Amino acid sequence: MSGRALGLMGGEDLLADQAEIDGSYLLAAAPENGRALAPPWETYTAFTGELLHILQHGITGQPRELDLNTVRPTPQKRDRNPAGRLVLAHNRAYRPTPAPSPAAAGETAWPNPDDCHTPLAFLDALAEARALTGLTIPALSERTDLPVTPATISRLLNRTTLPTTWKTTGNYLAACGLLPEQIRTWQSAWQRLRTQEQQRPDPPLTTPAQPPAQTWRARLSGRRRKHP
């Protein structure tokens, strides 16, 4: 009957009232009117056994990491603010979206980075590559060999200047399904545009135009108008 700790039956002196702390997470193995039982042949109660099974085998179709809200079995829970989104374990059943076969990657009409003559054209071509995959940004994030968050990919595709390093862009293109030789072509184009960007002269500094100096006659005329 551990669900009583969640405060579902009312009362004044509840354990849940002592857990009103930001980031706290209270999980009960049974509802407030039932017991946590186990069949005679099982080592653990149904709650503990299911939780251990999830941690050992993962959950098919869920992300790479399992948070508290995902791993909790059916019974009750009570959390404070975003505590339920805290990562508890790696999902052993996680399988990324299958990458295109080498034949498909070679036949896809990817944008040609050699046709990109400005940084913006290069960045637009990166966004077009994602569109051709039909994958969302979170799905691409899950396919990167080295972890690249969706926020990082989003920032890459929304830049107005070239990234100063290649690592994230290379991981992104690999997640899109491009072959290593294709990625090297993109890297060469990036290096070419970076060199052009660095060699471009800075615009000359301009000073704000000063109003023309008034002659003594104009100043004297102004005083006379103010003081007839």
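For CYS116, CYS176, which order do you get if you count the other beta carbons within 10 Å of each Cβ and list the fewest first?
Fewest-to-most ranking of CYS116, CYS176: CYS116, CYS176.
So if each residue of separation counts as 0.36 nm, and I subtract the Cα-Cα distance between ASP114 and LEU52, what length gain in nm does that give?
17.1 nm
If you project the alpha carbons of region 102-199 onto their three principal axes, what span does each projection cover, largest first, in Å?
Largest first, region 102-199 extends 36, 29, 20 Å along its Cα principal axes.
So how do ILE54, ILE59 line up by other beta-carbon neighbours within 10 Å, fewest first?
Placing the least packed residue first, the sequence is ILE59, ILE54.
What's the FRET efficiency of GLU65 with ARG200 using the Cβ-Cβ distance as r and R₀ = 45 Å, to the nearest 0.05?
Given R0 = 45 Å and the Cβ-Cβ separation, E is 0.60.
For the pair ASN158 and THR185, how long in nm is the line joining their label points, each one 7 Å along Cα→Cβ?
Label at ASN158, label at THR185, 3.0 nm between them.
Test of understanding: ordering PHE122, PHE47 by Cβ neighbours within 10 Å, fewest first, what list do you get?
Listing PHE122, PHE47 from fewest to most nearby Cβ atoms yields PHE47, PHE122.
Bear in mind that the values in this text are calculations on the coordinates, not laboratory data. Quantities reported herein were computed from a predicted structural model and do not represent experimental measurements. Neighbour counts run over all protein chains shown; Cβ positions are idealised from the backbone, glycine included.
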